[in-house]
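K.L.:
Would you mind keeping the following structure in view while I ask a few things?
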Amino acid sequence: MRVLFQSALSGRLAGTRLLSTTHDSLTKSVLAAAISSKLPTKAQVPQPRGKFTSPSVFLQTIGRGCDKFSPKFKSWDQLFSASGEVMKHELGIGPKPRKWILMWTNKFRLGIDPYFIPTSKKHEIKRVDRLARMKRRGRT
């Protein structure tokens, strides 16, 4: 990496000097800064607070059928330390509930207590109408 250094002398450019830094010294300084920073490498497990003392209460509160996965989480630590890959491969949780659980565990880490968000009935009504229409036409 080259840095162009220009100095002005008596109101006009006197000269141009190239300063070069090697890639090694830049890499060493970046690594030293990364090591000295105190960023956590893994997400921290928050302490239970309020009515949220067990995985079953937490999963029941966030809704969307996540309460059926409460037997898969043995402890509070397992719920908050499980990654998406672990939930997918080891626990067998599908994509939608997995994303929903991960979103709410992250919000809980940030200090937001979970609350129930109902799903829209719009798509459910369309599905019921579509099935009724198919029955009338004799396709089922």
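Read-outs: derived from the displayed coordinates by stated rules, not from any lab. Just so it is clear, the model here is predicted, and its values are computed rather than measured. Backbone-built Cβ (ideal geometry, glycine too); neighbour counts: all protein chains shown.
K.L.:
Which ³J(HN,Hα) values in Hz, rounded to whole numbers, follow from the phi angles of the stretch 70-78 under the Karplus curve 6.51 cos²θ - 1.76 cosθ + 1.60, where θ = phi - 60° and Gly and Pro get x?
P.N.:
With the stated coefficients, the stretch 70-78 comes to 4, x, 6, 9, 6, 9, 4, 4, 5 Hz.
K.L.:
What ranking do 72-78, 52-58, 129-135 get when scored by the average of other Cβ atoms within 10 Å per residue, highest first?
P.N.:
Output ranking for 72-78, 52-58, 129-135: 52-58, 72-78, 129-135.
K.L.:
Okay, next question. Which pairs in the list K51/K121; K68/K121; K51/K96; K88/K126; K96/K121 are over 27 Å apart, alpha-carbon to alpha-carbon?
P.N.:
Distance filter (> 27 Å) returns K51/K121; K88/K126.
K.L.:
Work out from phi, with θ = phi - 60° and the Karplus expression 6.51 cos²θ - 1.76 cosθ + 1.60, the ³J(HN,Hα) of each residue of the stretch 90-105, listed in order in whole Hz, and give x for Gly and Pro.
P.N.:
8, 9, x, 9, x, x, 5, x, 5, 5, 5, 5, 5, 5, 6, 5
K.L.:
Compute the signed sum of charges (Lys and Arg +1, Asp and Glu -1) over the other residues within less than 9 Å, Cβ to Cβ, of P55.
P.N.:
Computed value for this residue: +2.
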